[in-house]
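Here is the structure we will look at.
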Amino acid sequence: MIDLHTHLLPGVDDGSRTMDNSVRVLERLLVEGVREVACTPHLTASRAHEAPVDEYAALRAELQRLAPEGMRLAAGFEIMLDRPGCDLTKRGLTLGTSRAVLVEFPRSGLPAGATAELMRIRTSGLVPVIAHPERYRGITLADVEAWREVGVVIQGDALMLLSAGEMAQLARAMLAGGLYDILASDNHGDRRSLATVREWLRETGEDGQGALLTEENPRRVLADEALLPVPPLRRERSLWQRLRAMIGGR
């Protein structure tokens, strides 16, 4: 599996605090089947021109040196679109060596012109990967469909699919409708992982979707290749019944 959204670069944001902790998390992820992780510390679009690309690259190289054999680390940032019109084409802001850039909106609600801003980023030559859209207040399935139509990659939060509440319900509706392109953990140096969701999909006969969401499409994002469509779930009812059992019938 490939996880394109983590905060495992130690001591730079609200994620993992120490190198030792990041190494321990990477060791666990490798055992769970993750083979590549993008380290995507927080950054605001209005300060993208000041991004410490070289400093973070050196820190990531040290983490790679200490990481378990078989685990690869990729560059990146999670860029908060706090102001429209910012230039995100600076070297080192994208995921790995691709043209894909991981972006997010404030959770308080989608700003006016959100779709236009994503289109602007797309026309600048980048591919916006929108992080955890299910978290944004006021978002609708129609918004997500509009973003997909202009070439935005939709990244779902794996943990949200196994949670309760309105955001979790929206996440599961997006998964059921085939609106996610990839899943990621948003690990902050903690226990979050792709493994539980992947196993959940496997047990319910939806491992084809799981492979697309956690392996093939993330690989294609990093390689600047066209993504494969993720089919809607075929066994939605049994999937949610099993999920309710996993989270205690909430």
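Any residue at all in the stretch 151-161 that's in contact (Cβ under 8 Å) with a residue 12 or more places away in the chain and over 22 Å from Ile2 (Cα atoms)?
no
Collect the residues in the stretch 182-239 that are at positive phi, touching a strand residue (DSSP E or B) at 6+ places or on another chain (Cβ under 8 Å) and crowded, with 17+ Cβ neighbours inside 10 Å, keeping them in residue-number order.
Result: Asp186, single match.
Considering only residues that are open to solvent by less than 10 Å² (accessible area, probe 1.4 Å) and not in a loop (DSSP other than H, G, I, E, B), look in the stretch 75-88 and name the one that is farthest from Glu36 (Cα to Cα).
The residue in question is Ile79.
Could you list, ordered by first residue, the pairs with Cβ atoms under 6 Å in which the first is in the stretch 94-113 and within 17 Å of Asn217 (Cβ to Cβ) and the second is open to solvent by 20 Å² or more (accessible area, probe 1.4 Å) and charged (D, E, K, R), at least 6 apart or interchain?
Between residues of the stretch 94-113 that are within 17 Å of Asn217 (Cβ to Cβ) and residues that are open to solvent by 20 Å² or more (accessible area, probe 1.4 Å) and charged (D, E, K, R), the close pairs are Ser98/Asp224; Arg99/Asp224.
Which one of these does Leu201 not meet: (1) of a type outside the set (D, E, K, R); (2) under 30 Å from Leu126 (Cα atoms); (3) assigned to a helix (DSSP H, G or I)?
Only one criterion in (1) of a type outside the set (D, E, K, R); (2) under 30 Å from Leu126 (Cα atoms); (3) assigned to a helix (DSSP H, G or I) is unmet by Leu201, namely (2).
Would you call Glu27 open to solvent by 30 Å² or more (accessible area, probe 1.4 Å) and more than 28 Å from Asp82 (Cβ to Cβ)?
yes
Considering only the stretch 149-164, state which residues are in a helix (DSSP H, G or I) and surrounded by fewer than 18 Cβ atoms within 10 Å (Cβ to Cβ).
Selection gives Glu149 alone.
Can you spot a residue in the stretch 26-41 that is under 17 Å from Val221 (Cβ atoms), in contact (Cβ under 8 Å) with a residue 60 or more places away in the chain and part of a loop (DSSP other than H, G, I, E, B)?
Within the stretch 26-41, one or more residues are under 17 Å from Val221 (Cβ atoms), in contact (Cβ under 8 Å) with a residue 60 or more places away in the chain and part of a loop (DSSP other than H, G, I, E, B).
Kindly provide the set of residues from the stretch 1-20 that are farther than 15 Å from Leu73 by Cα and either surrounded by fewer than 23 Cβ atoms within 10 Å (Cβ to Cβ) or under 11 Å from the mean Cα position of the chain (by Cα) (or both), ordered by number.
Within the stretch 1-20, Gly11, Val12, Asp13, Asp14, Arg17, Thr18, Asp20 meet the criteria.
Mind checking which residues of the stretch 1-17 are in contact (Cβ under 8 Å) with a residue 60 or more places away in the chain and of a type in the set (Val, Ile, Thr)?
Ile2, Thr6
For Arg242, all conditions in the list (1) open to solvent by 30 Å² or more (accessible area, probe 1.4 Å); (2) assigned to a helix (DSSP H, G or I); (3) modelled with pLDDT of 95 or more hold save one; what is the number of the exception?
Unmet for Arg242, out of (1) open to solvent by 30 Å² or more (accessible area, probe 1.4 Å); (2) assigned to a helix (DSSP H, G or I); (3) modelled with pLDDT of 95 or more: (3).
Would you check which residues across the stretch 89-142 are part of a strand (DSSP E or B) and open to solvent by less than 10 Å² (accessible area, probe 1.4 Å) and list them?
Across the stretch 89-142, the qualifying residues are Ala100, Val101, Leu102, Val103, Pro128, Val129, Ile130, Ala131.
The values are calculated or read from the model by the stated rules, or taken from the named source; none is laboratory data. Quick caveat, the model's predicted, so the values are computed rather than measured. With ideal geometry, Cβ positions are generated from the backbone for all residues, glycine too; neighbour counts draw on all protein chains shown. In case anyone asks, the SASA skips ligands and DNA or RNA and just uses the protein heavy atoms, side chains included. Shrake-Rupley method; radii C 1.70, N 1.55, O 1.52, S 1.80 Å.
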